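Have a look at the structure below, then the notes.
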Amino acid sequence: MMGILLLPSASMEIISASRSAGTKIVEYIPWRVNPIPPMLRGMKRALAAIQRDLATNLREARANAGLSQEALALAAEVDRTYVSQIERGVGNPSIAVLVRLANKLAVDIVDMLRPR
């Protein structure tokens, strides 16, 4: 049985160990002290903006369709509180849930994610 042990340090070590043979093969892979590249640091803000836009677009589409949160949730087979969370920008729905909500509201999923 093979196991891999990741040890974080200035350089990352991957140790593959075979229990039956008792041998160890150590490979060194260079790694940064901070493995998060600068371009990924801004993604948190981008995600928050996407959630905010989704919340606004979902609320507007639901209101235009004349549905309550409960009616939309029942039609899309999700919990009412989950629809509320998405509309407040707290929930992080899967693509499957977004597709179900968009289909019930008769809008394109791209429009649900469009920036405001």
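Restricting attention to the stretch 60-107, the residues that are among the basic types (Lys, Arg), surrounded by 17 or more Cβ atoms within 10 Å (Cβ to Cβ) and out of contact with any Ser or Thr (no Cβ under 9 Å at 6 or more places or on another chain) add up to 2. Can you work out which of the residues in the stretch 84-115 that are of a type in the set (Val, Ile, Thr) and under 15 Å from Ala63 (Cα atoms) is nearest to the chain's Cα centre (by Cα)? Per the stated criteria, the residue is Ile86.
Selection of helices (runs of 4 or more DSSP H) fully inside the stretch 6-116 by the criterion of at least 1 residues being modelled with pLDDT of 90 or more returns 43-65, 69-76, 80-87, 95-105, 109-113.
The values are calculated or read from the model by the stated rules, or taken from the named source; none is laboratory data. For clarity, every value in this text was computed on a predicted model and none was experimentally measured. A quick note on method: Cβ atoms are made from the backbone with ideal geometry, for glycine too, and the neighbour counts reach across all protein chains shown.
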